[in-house]
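K.L.:
Before we start, here is the structure in question, set down as structure tokens.
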Amino acid sequence: MSHTPEARRIVVDTGPILALLACGHLEALRLLYEDVVVPLEIREELAAGGRTGFGLEEFEQAHCLACSARATEPTTLLSSMLDRGEAAVVQTALDRGIETVCIDEAAGRRVARL
């Protein structure tokens, strides 16, 4: 999977979304990508939000995101190697032919490159 936005499509994991929310730049994704996909599993992680629900309101109001309505069915291999959210990001990218993902965990990035 590519590291550059040339494809203009990306699937994004929870950590990067939270980081962009923390600095107030979630909408910057729209400047870089035409299609920013968030798997349902990532939306659910953000909705769980811990005690504070950090960033949920901003996430829900973001116009730059295309949130999946259905759960992803990652392969057994992806499910065994990655957590639920990262497996959903990689599987969504594979299913939709999207070459670029944004994952903050090193293991997730290694698997995505494969």
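K.L.:
Would you kindly identify the helices (runs of 4 or more DSSP H) lying entirely within the range 35-113 that contain at least 3 residues that are touching a residue at least 60 places away in the same chain (Cβ under 8 Å)?
P.N.:
Ranges flagged: 84-96, 106-113.
K.L.:
Out of the residues in the range 56-89 meeting the condition of being farther than 20 Å from residue 100 by Cβ, among the small types (Gly, Ala, Ser) and within 15 Å of the chain's Cα centre (by Cα), tell me which one is surrounded by the fewest Cβ atoms within 10 Å (Cβ to Cβ).
P.N.:
69
Laboratory data are not the source of any read-out in this text; all were calculated from the coordinates shown. Nothing here was measured: the structure is a model prediction, and the numbers come from that model. With ideal geometry, Cβ positions are generated from the backbone for all residues, glycine too; neighbour counts draw on all protein chains shown.
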